[in-house]
Protein chains: 2
Amino acid sequence: MSHLQTKHFIANEIDIDIGRNIVVINEKDARELGLGPNTRVRVIKGDRTRGAFVAITKTMVSPGKILVSRDVARELKIGKDDTVGVKPVPVPPSFTALRKRLHGQRLTQDEMYMWIKDVVEGVYSETEISAFLTSQLYYELSEDELNALIRAMVETGSRIEFEDTVYDEHSIGGVPGNSKVALIAVPTVSAAGLLIPKTSSRAITSPAGTADTMEVLARVDFTPEELKEIARKVRATLAWGGRLNLAPADDIFVNIERKLAIDPWHQMVASILAKKVAMGVDNLVIDIPVGRKAKVKDLKEADQLAGLFIRQAARLGMGIRVAVTYGGQPIGKTAGPALEAKEALETLITRKGSKSLLEKALSIAGLVIELSGKVPPGHGIEVARDLFEKGLSYQKFRQIIEAQGGDPNVKPDDLPIGEHIYTIESPIEGAVTHIDNAAITAIARAAGAPYDKGAGVYLHAKVGYRINKGDPLLTIYSSSSIRLQEALNIASRYSPIIVEGMLIKILP
Amino acid sequence: MSHLQTKHFIANEIDIDIGRNIVVINEKDARELGLGPNTRVRVIKGDRTRGAFVAITKTMVSPGKILVSRDVARELKIGKDDTVGVKPVPVPPSFTALRKRLHGQRLTQDEMYMWIKDVVEGVYSETEISAFLTSQLYYELSEDELNALIRAMVETGSRIEFEDTVYDEHSIGGVPGNSKVALIAVPTVSAAGLLIPKTSSRAITSPAGTADTMEVLARVDFTPEELKEIARKVRATLAWGGRLNLAPADDIFVNIERKLAIDPWHQMVASILAKKVAMGVDNLVIDIPVGRKAKVKDLKEADQLAGLFIRQAARLGMGIRVAVTYGGQPIGKTAGPALEAKEALETLITRKGSKSLLEKALSIAGLVIELSGKVPPGHGIEVARDLFEKGLSYQKFRQIIEAQGGDPNVKPDDLPIGEHIYTIESPIEGAVTHIDNAAITAIARAAGAPYDKGAGVYLHAKVGYRINKGDPLLTIYSSSSIRLQEALNIASRYSPIIVEGMLIKILP
């Protein structure tokens, strides 16, 4: 509206991080601009603009001056006493997109783009974004909307270009112990001569993300230039995607999904594919673990989700294979960054390891290799196994560690594991019939994973193992005795491992 | 969890109003407690507790000290350098309620109560509350959930008790010009000898709420004790409910609904009935205006909504009548606080006025009177008309004005109306066939209503009026020439009045 003029202020940064963009303004200025607490404004400097929310003060700044939170200062490059404009934004034009969704209408590509652009620019608070995500639980995105969402998420972030064909693999997650799969699959793909600059996230709800686990062995936090240089040198990376500004809308969505404990499928597909497009991925293998407590409960659901990935990848011109894998129990024997890094390293060095880890990693590597067209379908795993057994996967992994600033000669026993330890033993003899993913995750996180790198769980037995009375079932590690106790409390509330149908109650 | 210990801090108030509860904490303490920006905590002093969100600073407070926002300081009565506890609340137990809703399950009464209690105590951010409201757009509350919601909203706020039977009337709103109906209906009900301590809200999206309009003539902001004293003295109030702490969850919900431009029916029914129960209302008349651009589009929808009100009132032991009224054009000739106060006063003094206003006010007063059982159904309006025409409604209105600290001798021309004026004339001869409620509301609000009390719209013609070329159609008032221009811009974009099917384009 025409009377909503931009007013200029002398701006400085405020040393308060409140998890959202704010601008602190004197109550006199607020009254003049008709702004209440938490009103939306745009802060403008030159041709850059950033959404922020108003905080009102009587004393912290005088009229004519404002304080802005760090993200705003950084995005707009605001230095000491710089002049910026502040403009009220009562209802942004892109609000139409949310309004339509909440009234059961589909968004056009333009509407989706406007909405995502304003989300990324900080124009919306969690209030509106939460409504957008919640609406998807009941009123799924159409395939056209999903495609528009993916494109908008890519276009509102940075892109990294590689000269060669780019391969990648990605698991939708939800199974403890999965973070280490990439530490075996990625070097194997690269050992086959393919370029696989993998970036991954840190754990959100699991005990470890691939980035957390790799960080035990090397740096993972790189600029786009550094990432490209590593990929050029060793044709593989195992890096953290967090600072690369790939599909930055995703971080905003994930943060809110976590608070609401929701994970709408279409949004998940968008997150994954948008980041891959931004990384220039040409061929992708998606891993969908299936299990009663995994994100996908059964094969019918897996088919539906796979269909979404496959159709969207086709529209994006991306080659894709979807692997539906067993997610009914943890992958390998460990959950937690250092424990998983140790297990992966051991497996690569000794060329043997837990079947659930090794078969999964080599199957996925094989599927990626098949996408190159150099190997006929169904034979990728043989190539992968051959590379692994010849030690070429380990050799490539050493190169990656070194290129990422780590010690290529690191040995499994060099990795520091939490010194506070408790082992739960089986009270009976019998076969392990069930391991509860959710319980293992809860125990590992209570022990401190992923922030405490040495925290986690080691499983002495997996489903089908025969054990004697008194045999160890699982060992919990933590760097803090309080955390260890907390993890034991969780273990006693849940039943992480079931032997012969008997619930094992742990009463430490 | 047991390791999430309460840590004690020296607390002081921070002079920043950000529209939510915050606690500013040094980064060292944040790290020790495992708190990130925007993490949820409980602030505890004695037996009182308040939810707040973490803001992290390096310099604004030193370790061991915190700053809390005003609401937290006020609720917990925190003075200078008081000691308070801060306790992380990763996932409150009441989160189960939201989780169930978002997964398509019904809430029990206990779950609803826990959820609402934590909403009122500030434990949840708009993120979660937005998801709760959005879910209702697709997955309506069941009648049991709605009843639990109403009871929880009442129980988490204050209640006011009166010794006599309490009557009330309430419009669901959505039609401009409606705020003045109560200024005629309420004194008429009271003149019939009934106790009607009406509290109402300020405008949220309309040009004026009853509280805004009454405030032109008298005070409306009272403590519960003052309100009871006024009701004791004159057996009627026309007060603002905002500071009475009646069903305080409602303010939180309304604020978010406004941001999302949504208004789920069940939530509206809960808001209205919870406030009435908290005010001890025994008998209630609900007005449902029906019209293409009103909240309720047709009679079928009106029946559905009326059914919700009637069944819930029965479960609450409240007598109820529902009036479905014509909401296809504004009520009376005015929209905006001072203009509407003026029209109501004129109508009461001269005992005549716009038919749409007078018939509606007397019908509603009549229905309330019928609820007393003293008048047979269908005859309440005669009693109401009689009281009105004898001047007894005006006499009671004068008493209310005086009891609320206003001047009972105030005349319509005493009321200050915006001095910046523009009248739109008809470019043709013909009959008015349509007046657009949404356009009238947008024009009045652009002119400054409800904050600028003198701003608004005067309609010279209503639907069915015959007019000549050059006759005035509507006059816009504002206290600001910029705002007047803005209102004219809106008027030229919409077509507020249609004469004989011709869109009247205004190009000022």
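The values are calculated or read from the model by the stated rules, or taken from the named source; none is laboratory data. The structure presented is a predicted model; accordingly, all values stated were derived computationally and were not measured. Neighbour counts are summed over all protein chains in view; Cβ atoms, including those assigned to glycine, are modelled from backbone coordinates with ideal geometry. Keep in mind that these areas ignore ligands, DNA and RNA; they rest on the heavy atoms of the full protein, side chains included. Shrake-Rupley method; radii C 1.70, N 1.55, O 1.52, S 1.80 Å.
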For segment A:192-270, just the Cα set please: Rg and Dmax, both in angstrom.
14.0, 42
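Within segment B:103-249, what whole-number % of the accessible surface is contributed by carbon and sulfur, with the 1.4 Å probe and all protein chains included in the calculation?
Using a 1.4 Å probe with all protein chains present, segment B:103-249 comes out at 45 percent carbon and sulfur.
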Just from the alpha-carbon atoms, what are the Rg and Dmax of segment B:242-397 in angstroms?
16.8, 47
Contour minus Cα-Cα span, A:Tyr451 to A:Asn468, at 0.36 nm per residue, comes to 2.7 nm
For the pair B:Glu163 and A:Ile482, what calculated FRET efficiency results from E = 1/(1 + (r/R0)^6), where r is the Cβ-Cβ distance and R0 = 60 Å, to the nearest 0.05?
0.60
Give me the angle, in degrees from 0 to 90, between the Cα long axis of helix A:265-278 and the longest principal axis of the Cα atoms of chain A, rounded to the nearest 10.
90
Relative to the present Cα-Cα distance, how much length would full extension add between A:Gln105 and A:Gln395 at 0.36 nm per residue of separation?
99.0 nm
Please report the net charge: other residues with Cβ closer than 15 Å to the Cβ of A:Thr334, K and R +1, D and E -1.
+2
For segment A:38-123, what's the relative contact order in percent, using C-alpha pairs closer than 8 Å and at least 6 residues apart?
37
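Find, to one decimal place in angstroms, the Kirkwood hydrodynamic radius of segment B:413-471, where the mean of 1/r is taken over every pair of different Cα atoms and then inverted.
12.9
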The simple spin-label model distance between B:Glu143 and B:His379, using points 7 Å out along Cα→Cβ, in nm, is 3.3
Inter-copy separations for A:Gly64, label at 7 Å along Cα-Cβ, nm, ascending
4.0
Measuring from its Cα centre, chain A shows a charge dipole (+1 at each Lys and Arg Cβ, -1 at each Asp and Glu Cβ) which, in debye to the nearest 20, is 420
Just how large is the dipole of segment B:289-411 about the Cα centre, in debye to the nearest 20, putting +1 at every Lys and Arg Cβ and -1 at every Asp and Glu Cβ?
240
Segment B:298-457: relative contact order from alpha carbon pairs under 8 Å, six or more residues apart, as a whole percent, is 29
Can you give me the Kirkwood hydrodynamic radius for the protein assembly as shown, using every pair of distinct Cα atoms, in Å to one decimal?
31.8
With only helices counted (DSSP H, runs n ≥ 4, each -39500 (n - 2.57)), the per-residue ellipticity at 222 nm for chain A, to the nearest 500, works out to -12500 deg cm²/dmol
When the label point is put 7 Å from the Cα of B:Lys117 along its Cα-to-beta-carbon vector, which residues of segment B:139-164 have a backbone N closer than 16 Å?
B:148-158
Inter-copy label distances at B:Asp471, 7 Å along the Cα→beta-carbon direction, one decimal in nm, shortest first?
9.6
Kirkwood hydrodynamic radius, segment B:1-129, all distinct C-alpha pairs: what's the number in Å?
15.1
Along the charge dipole of segment A:324-414, Cβ charges K/R +1 and D/E -1, which of A:Leu339, A:Thr325, A:Asn409 sits furthest on the positive end?
A:Thr325
Working from Cα positions, state the angle (0 to 90°, nearest 10) between the long axis of helix A:299-315 and the longest principal axis of chain A.
50
Taking the C-alpha atoms of segment A:394-508, how large are the radius of gyration and the largest Cα-Cα span, Dmax, in Å?
16.3, 49
If you add up the charges near A:Glu389, with Lys and Arg at +1 and Asp and Glu at -1, over every other residue whose beta carbon is less than 11 angstrom from its beta carbon, what do you get?
+2
Potential extension, B:Asp386-B:Glu226 segment - 0.36 nm per residue separation minus Cα distance
54.5 nm
Using alpha-carbon pairs under 8 Å, 6+ residues apart, how would you state the relative contact order of segment B:202-294 in percent?
21
If you split all Cα-Cα distances of chain A into 20 Å bins from zero, what percentages do you get per bin, shortest first?
22, 49, 26, 3
Along its principal axes, what span do the Cα atoms of segment B:38-103 show, with the longest given first and each in whole Å?
44, 28, 17
Angle, helix B:109-120 long axis vs. longest principal axis of chain B, Cα atoms, 0 to 90°, nearest 10?
90
Rounded to whole Å and ordered largest first, report the semi-axes of the equivalent ellipsoid of segment B:365-462 derived from its Cα gyration tensor (root of 5λ).
33, 23, 13
Förster radius 45 Å - calculated FRET efficiency between B:Lys77 and B:Ala438 (Cβ-Cβ, nearest 0.05)
0.50
